[in-house]
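S.K.: Input: one structure, supplied below.
The values are calculated or read from the model by the stated rules, or taken from the named source; none is laboratory data. Keep in mind it's a predicted model, so treat the numbers as computed, not measured. Note that we place each Cβ from the backbone using ideal geometry, even for glycine, and neighbour counts take in every protein chain shown. Remember, those area values only see protein heavy atoms, side chains included, never the ligands or the DNA or RNA. Shrake-Rupley method; radii C 1.70, N 1.55, O 1.52, S 1.80 Å.
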Amino acid sequence: MLFTNLRIEDAETPCDIRVEDGVFTAIEETLTPREGEEVVDWEGRLALPPIIESHVHLDSALTAGDPRWNESGTLFEGIEVWSERKRTLTVEDVKERVHRAVRQQARFGIQYVRTHVDVTDPDLTALTAMLELREELKDAITLQIVAFPQEGIQSFPDGEALMRRAAGMGVDVIGAIPHFEFTREYSVDSLNFACALAQEFDLLVDVHCDEIDDEASRGLETLATRALEMGLRDRVTASHTTATHSYNNAYFTKLLRLLTMSGINFVSNPLVNTHLQGRADTFPKRRGVTRVEELTAAGINVSFGQDDIVDPWNPLGTGNLRDVVFNGLHVTQMMGKEQIDRSYRFITHNAARTLHLDPESYGFGVGRPARFIVLDAPTWYEALSFNAPVLASYRDGRQLVRTQPSTPEILF
Ligand code: FE2
């Protein structure tokens, strides 16, 4: 099959792509169709590698308002509401909602998802469902599952045992939530435990780290030190890290050296954190988003995630990572033209590093699996500005999504 006139990422000019048996077999300025070969002319539209969701909670997706709404809009009321909803979970309930949520994500070109799954549940119901879904959905979406202790490891009954059970059941990643633990000592203990468990089971680490406006929340320095000293390095991700927004600059400057040495990844969830953070402030209200520009300038890998799709933490999360990038560039003031032009990388190449994908399995290249999307715009700048729809999403040569472009009539 031959796809012609596609502009790959930030290329100046379009090119042609041949796909055979689910693999890219040629990418050149001009390819001549073979006899009988199916040809699709994309007329200069933008092609990107599949979008990667590097941080979301699919187990709570599509539960907003059930059993009640989060009226204060805080992270902590969200945790209380979810704790009530969690008691009524069934495997069927989780599966039905996740099937709807991943179809929503697919519409927006997503083919890879790292989902955190709450394991502070003695029955591990959501985890059981998600492990089955990882297998059921694998031809359409790659699910990476994090054992996420929403109510703490040291501060939740049998927290360590539940994490260990989850590791044994086949999760991909070990999580933690140090800022939610009862004490600073528990916070450090939970990180030591999570990193040791990951090493024992040969798993990745992704910690909800310092998701609070408390400038004294210092889980990040412990996590980065463990990553460095245990040799886990880029197998470790620090998610949220919103407290860095409130760190004094002298401390952050010192911390940046360790962060660089450690090689860890960061995930920022700017859309949800501008809504959840700063809630204890009067005025001025802090934005509560991690220091994306400073981390990026230091050469540290940062990706963007949605975090929540219509759940107790974000009743308006759409699943569309374009919205997250759009909001994230505004709130981090990364609005230089080159910063905008490169921003698709937060939800593609940078996210691939966060997920620790095999570099030879992702992106455009002869011999790689033919996974890509086509947007209804010639460049990322225009796609982002005008919210261009994803017209097609291909996975191993198979089309997963087909969208008809709509043309509004302006009647004046
Ligand atoms: Fe999260």
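S.K.: Against the longest principal axis of the chain, how steep is helix 321-331, in degrees 0 to 90 to the nearest 10, with axes from Cα atoms?
M.R.: 60
S.K.: Per residue and in cubic angstrom, what volume does the convex hull of the Cα atoms of the range 1-114 have? Display every interim value, and only then the final one.
M.R.: On the way: hull volume 17.8 nm³, N = 114.
Dividing the Cα hull volume of the range 1-114 by its residue count gives 156 Å³.
S.K.: Now, a different point. Mind checking the range 58-90 for GluC sites (Glu not before Pro) that DSSP puts in a loop (not H, G, I, E or B) and that have at most 15 other Cβ atoms within 10 Å? Display every interim value, and only then the final one.
M.R.: Working: sites: GLU71, GLU77, GLU80, GLU84; in loops: GLU71.
Hits after loop and neighbour filter: GLU71.
S.K.: When a/c reaches 1.5 or more, the comparison of a/b and b/c decides; with that in mind, is the range 253-322 rounded, prolate or oblate per its Cα gyration tensor? Numbers along the way, then the final one.
M.R.: Values: a/c = 2.93, a/b = 1.48, b/c = 1.98.
Oblate, since a/c reaches 1.5 and b/c is not below a/b.
S.K.: While we're looking at this one, here's another question. Give the dimensionless ratio obtained when the Cα radius of gyration of the range 120-186 is divided by 2.2 N^0.38 Å. Intermediate values should be presented prior to the final figure.
M.R.: Working: Rg = 13.1 Å, N = 67, 2.2 N^0.38 = 10.9 Å.
The reported ratio for this selection is 1.20.
S.K.: Take the alpha-carbon centre of the range 54-100, take the same for the range 16-49, and report the distance between them in whole Å.
M.R.: Centre-to-centre distance over Cα atoms comes out at 42 Å.
S.K.: Using only Cα atoms, tell me the angle between helix 249-262 and the longest principal axis of the chain; keep it within 0 to 90° and round to the nearest 10.
M.R.: Approximately 60 degrees, to the nearest 10.
S.K.: Can you give the calculated 222 nm mean residue ellipticity of the chain, where each DSSP H run of n ≥ 4 adds -39,500 (n - 2.57) and the sum is split over every residue, rounded to the nearest 500 deg cm²/dmol?
M.R.: Numbers: 13 runs with 137 residues, N = 412.
Helix-only estimate at 222 nm: -10000 deg cm²/dmol.
S.K.: If R₀ is 41 angstrom, what is the calculated FRET efficiency for the pair GLN339 and MET169, using the beta carbon separation as r and rounding to 0.05?
M.R.: Working: r = 41 Å, r/R0 = 1.00.
For GLN339 and MET169, the calculated efficiency is 0.50.
S.K.: Hey, got a sec? Which chymotrypsin sites (Phe, Trp or Tyr not before Pro) in the range 182-268 land in a DSSP loop and have at most 16 other Cβ atoms within 10 Å?
M.R.: Qualifying residues, ordered by number: PHE182.
S.K.: Now, a different point. Using the Cα gyration tensor of the range 51-354, with a ≥ b ≥ c the square roots of its eigenvalues, what is the shape: rounded (a/c below 1.5), prolate (a/b larger than b/c) or oblate (neither)?
M.R.: Details: a/c = 1.30, a/b = 1.15, b/c = 1.13.
Since a/c stays below 1.5, the shape of the range 51-354 is classed as rounded.
S.K.: Binning every alpha carbon pair distance of the range 69-199 at 5 Å from zero, what are the percents per bin?
M.R.: Taking every Cα pair in the range 69-199, the percentages come to 2, 10, 19, 21, 20, 16, 9, 3, 0.
S.K.: Same structure, new question: Per residue Cα convex hull volume for the range 143-279, in cubic angstrom? Walk me through the numbers before you get to the answer.
M.R.: Values: hull volume 14.3 nm³, N = 137.
In the range 143-279, the Cα convex hull volume per residue is 105 Å³.
S.K.: In degrees, nearest 10, range 0 to 90: what is the angle between the Cα axis of helix 75-86 and the longest Cα principal axis of the chain?
M.R.: In the chain, helix 75-86 runs at an angle near 80 degrees to the longest axis.
S.K.: When a/c reaches 1.5 or more, the comparison of a/b and b/c decides; with that in mind, is the range 65-140 rounded, prolate or oblate per its Cα gyration tensor? Numbers along the way, then the final one.
M.R.: Numbers: a/c = 2.22, a/b = 1.44, b/c = 1.54.
Here the range 65-140 falls in the oblate category.
S.K.: Further, regarding this structure: Keeping every protein chain in place, order GLU37, GLU294 by accessible area at 1.4 Å, biggest value first, i.e. largest first.
M.R.: Working: GLU37 35, GLU294 85 Å².
Result of the area sort, largest leading: GLU294, GLU37.
S.K.: Kindly count the pairs of lysines across the chain whose alpha carbons are less than 28 Å apart, treating pairs on different chains or eight or more residues apart as eligible. Write out the running numbers ahead of the final one.
M.R.: Details: LYS86/LYS95; LYS86/LYS138; LYS95/LYS138; LYS254/LYS285; LYS285/LYS337.
Going through the chain pair by pair, I get 5.
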